[in-house]
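The structure under discussion appears below in the form of structure tokens.
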Amino acid sequence: MKQKITEKIKKLNLDINIDNKLYLNRWKTDEDSHLNVLDNTVCAEHCPQKDCTAFCPARVYEWRDGRIMPGYEGCLECGACRIGCPNGNIQWRYPRGGYGVQFKLA
Amino acid sequence: MPEKFDAIVIGAGMSGLAATYKMASAGLSVALIERGDYPGAKNVMGGVLYRSMMEELISEFWKEAPLQRPVVEQRFWLMDENSVVTTGYKSQEWAQEPFNCFTVFRGQFDKWFAQKCTDAGAVIVNETVVESCLKEKGRVVGVRTSRPEGDLYADVVILADGVNSLLARQLEFHREWQPGQVALAVMEELELPAEIIEERFNLDKGMGATIEIFGDGSLGLVGTGFIYTNKKHISIGVGTLLSQIIEVKARPYEMLEYLKKHPMVSPLIRNARPVEYYAHLIPEGGYRAIPKLVGDGVVVAGDAAQLVNGIHREGCNLAMTSGRLAAEAVIKAHQAGDFSAGQLSFYEESLKDSFVVEDLKKYKDTTHLLEKNPQYMNQYIPFANRAMHEMFTVDGVSKKNKQKKIMKRLFTDKSIFSVGRDVFRLIKAVK
Ligand SMILES: Cc1cc2nc3c(=O)[nH]c(=O)nc-3n(C[C@H](O)[C@H](O)[C@H](O)COP(=O)(O)OP(=O)(O)OC[C@H]3O[C@@H](n4cnc5c(N)ncnc54)[C@H](O)[C@@H]3O)c2cc1C
Ligand code: SF4
Ligand code: SF4
């Protein structure tokens, strides 16, 4: 099943620049990150799949230079990474009151 | 601002607003604390607000509330890669007062509802995160907020902080949700002129339709795609169990793009311009995931208590009803001057007697069944599509022979027993 789904998406040749989606939204960005990876050696040594880089709907997590860099500015505040990281390695809180993403519609 | 309130509500979503409105209307002093810039700024639904539960709070609210469209048609699609089996129901009755349900924008509706709460006497504190509950001798007596000197006290605290439910988790009312207990939904709002929406969806002026898409809409994963019509926007999204997204390494925005490009979907949204992009979790744990609901000086309502009926895409109504029932229990406690868990358990009992828990009980095994048995999404939906294709393609083969061929196809992949067992299990899970 896994293979079939991956193939389906590949076939479509979707080249999605997530920034184009995130630009649609209104943001009030805080100086401090509300997302923290607790232990980067866990990411490096115990997490071959690096799931957070795939399932995060805002593509906040990138694996770069041997560590996970959270681009917290584009976080949609869904909470999936807190639950989905198989190692419980993400310290998650809400942005400060009034900061973060601001939806007008939906 | 008085230092101590009769009640503090955390979260200006559907459940928190319902609870606040009810308590403030009964004369209690209530503070409602919301982390967003304004109520609704963080909320995502896209979606369908049910009239009856809202009317239990504010009668004939549709005359003044900011709504999108009354829903007159609900369609259900069983979708394969290049085809779809459709069914649905449309009713003229739903186009008239008192209506059945409406599409709404939470960014607008929640703001309006909050104003009703203010009018009823509640104090609304925006841009403020509640960080923890304050406890004294084991009972909750208030909240600590992110503001300097931000402690507030109350006889009762209602946790209506939504699906992430961080505060109930802190109180150890539940453990962290598992990836199989939440769906991750992504959605976009697409802009289109009202007349074009009405033409494409075959609607009278101002009326709305919804489409729930099973099968290929969520790439065969347990979940649904959905399309809702608003006044000048179409909400399109896909929600899938987080456990399954992780398992297949799907990227949620790619799933959304797949849905938008699907040949059955793309004509409906042609030339529509995306204007906002969202992600939000939906509780999917069902009956078995309902946490502890009541403690000394505290109750939990709405998504924070996993009160969502995913099979019927009902959440806001369960949230409103649980918020209202929580408020009723608090009003009773206020009259008795007793805020112990024993007194507040009136909430738990009335929730059990309501449709909320009854419905969740009825479907307690369904999501789990679908997760453990991918054939429902992956084999039976494509099968239904091929069967329809067979029957309706006119090619000179007799209908009897067509039927034979269809049945043969079903049973080459599977034994008659396994098909029978799947049907039986599904009926049992939704009976
Ligand atoms: C994509 C999508 C589509 C949906 N479609 C439908 C539908 O069509 N029909 C339907 O009935 N249901 C639908 N639902 C479900 C429905 O949206 C929820 O069940 C409902 O909103 C729950 O209401 P709530 O008040 O419990 O939580 P929410 O509406 O999520 O409100 C929680 C509030 O608490 C605030 N908050 C959280 N933590 C804190 C804190 N620590 N301090 C201060 N404030 C805090 C948040 O900012 C938020 O305003 C959908 C959900 C999603 C994600
Ligand atoms: S999923 Fe968790 S452990 Fe793995 S890379 Fe991401 S943060 Fe690190
Ligand atoms: S909360 Fe959601 S959007 Fe934000 S980083 Fe985590 S998964 Fe990504």
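Residues checked against (1) more than 28 Å from B:Thr87 (Cβ to Cβ); (2) of a type in the set (A, V, I, L, M):
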position	(1), (2)
B:Arg139	yes, no
B:Glu149	yes, no
B:Ala183	no, yes
B:Leu192	no, yes
B:Ile213	no, yes
B:Leu221	no, yes
B:Phe226	no, no
Give the number of residues within the range B:342-385 that are of a type in the set (Lys, Arg) and without any contact (Cβ under 8 Å) to a residue 40 or more places away in the chain. 2
Would you confirm, using the coordinates I've provided, whether B:Val238 is buried (at least 19 other Cβ atoms within 10 Å of the Cβ), of a type in the set (Val, Ile, Thr) and under 20 Å from the mean Cα position of the chain (by Cα)? yes
Quick check on my filter: what residues within the range A:45-55 are surrounded by 14 or more Cβ atoms within 10 Å (Cβ to Cβ) and either more than 16 Å from ligand 1 (Cβ to nearest atom) or within 10 Å of A:Pro95 (Cα to Cα) (or both)? A:Cys47, A:Lys50, A:Asp51, A:Cys52, A:Thr53, A:Ala54
Specify which of the listed residues (B:Val186, B:Val163) is outside the structural domain of B:Lys42 (by TED's automatic domain parsing), β-branched (Val, Ile, Thr) and under 20 Å from the mean Cα position of the chain (by Cα). B:Val186
Scope the range A:69-97; condition within 11 Å of ligand 1 (Cβ to nearest atom) and on the phi > 0 side of the Ramachandran plot; matching residues: A:Glu77, A:Gly79
Yes/no for B:Gln335 being away from chain A (no Cβ under 11 Å) and out of contact with any helix residue (DSSP H, G or I) (no Cβ under 9 Å at 6 or more places or on another chain): yes
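Residue by residue, here is whether (1) in a loop (DSSP other than H, G, I, E, B); (2) more than 13 Å from ligand 1 (Cβ to nearest atom) holds:
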{"site": "B:Val275", "(1), (2)": "no, yes"}
{"site": "B:His280", "(1), (2)": "no, no"}
{"site": "B:Asp303", "(1), (2)": "no, no"}
{"site": "B:Leu307", "(1), (2)": "yes, no"}
{"site": "B:Ile311", "(1), (2)": "no, no"}
{"site": "B:Ser322", "(1), (2)": "no, no"}
{"site": "B:Glu328", "(1), (2)": "no, yes"}
{"site": "B:Ile331", "(1), (2)": "no, yes"}
{"site": "B:Phe339", "(1), (2)": "yes, yes"}
Has the range A:39-54 got any residue that is closer than 24 Å to B:Val129 by Cα and within 12 Å of chain B (Cβ to nearest Cβ)? no
Pick from B:Ser243, B:Ser235, B:Ser218: which is out of contact with any Phe, Trp or Tyr (no Cβ under 7 Å at 6 or more places or on another chain), within 16 Å of ligand 1 (Cβ to nearest atom) and in contact (Cβ under 8 Å) with a residue 12 or more places away in the chain? B:Ser218
Looking at the range B:1-68, what strands (runs of 3 or more DSSP E) fall wholly within it and have at least 3 residues that are away from ligand 2 (no atom under 16 Å from the Cβ) and buried (at least 24 other Cβ atoms within 10 Å of the Cβ)? B:4-10, B:30-33
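Residue by residue, here is whether (1) under 20 Å from the mean Cα position of the chain (by Cα); (2) at positive phi; (3) of a type in the set (Gly, Ala, Ser) holds:
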| position | (1), (2), (3) |
| --- | --- |
| B:Val71 | yes, no, no |
| B:Glu81 | no, no, no |
| B:Val84 | no, no, no |
| B:Gly107 | yes, no, yes |
| B:Gly121 | no, yes, yes |
For B:Phe99, state whether it is without any contact (Cβ under 8 Å) to a residue 12 or more places away in the chain and either touching a helix residue (DSSP H, G or I) at 6+ places or on another chain (Cβ under 7 Å) or within 16 Å of ligand 3 (Cβ to nearest atom) (or both). no
Can you tell me which residues in the range B:266-305 are within 13 Å of chain A (Cβ to nearest Cβ), crowded, with 20+ Cβ neighbours inside 10 Å and not small (Gly, Ala, Ser)? B:Glu276, B:Tyr277, B:Tyr278, B:His280, B:Leu281, B:Ile282, B:Pro283, B:Glu284, B:Asp303
Need the failing condition index for B:Val143 against (1) within 24 Å of B:Asp338 (Cβ to Cβ); (2) surrounded by fewer than 22 Cβ atoms within 10 Å (Cβ to Cβ), just the number. (2)
The residue from B:Gln92, B:Gln74 that alone is away from every other protein chain (no Cβ under 13 Å) and surrounded by fewer than 18 Cβ atoms within 10 Å (Cβ to Cβ) is B:Gln92
Flag if A:Lys2 is farther than 25 Å from B:Ile10 by Cα and within 10 Å of another protein chain (Cβ to nearest Cβ): yes
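Of all residues being touching a residue at least 24 places away in the same chain (Cβ under 8 Å) and not aromatic (Phe, Trp, Tyr) in the range B:192-201, which is farthest from the other protein chains (Cβ to nearest Cβ)? Just the residue, please.
By that ranking, first place goes to B:Arg200.
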Six or more apart or on different chains, Cβ under 6 Å: which pairs go from a residue in the range A:42-71 that's over 16 Å from A:Leu22 (Cα atoms) to one that's near ligand 2 (Cβ under 7 Å from one of its atoms) and β-branched (Val, Ile, Thr)? Could you list them? A:Cys43/A:Ile68; A:Trp63/A:Thr53; A:Ile68/A:Val37
Would you be able to tell me the number of residues in the range A:57-105 that are touching a Phe, Trp or Tyr at 6+ places or on another chain (Cβ under 6 Å), facing another protein chain (nearest Cβ under 8 Å) and more than 17 Å from B:Asn164 (Cβ to Cβ)? 1
Test each condition in (1) surrounded by fewer than 17 Cβ atoms within 10 Å (Cβ to Cβ); (2) among the charged types (D, E, K, R); (3) within 30 Å of B:Leu256 (Cβ to Cβ) for B:Asp151 and report the one that comes out false. (3)
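The values are calculated or read from the model by the stated rules, or taken from the named source; none is laboratory data. None of these values were measured; they are calculated from a predicted model. Counting neighbours? That spans all protein chains shown, and the Cβs are built from the backbone with ideal geometry, glycine included.
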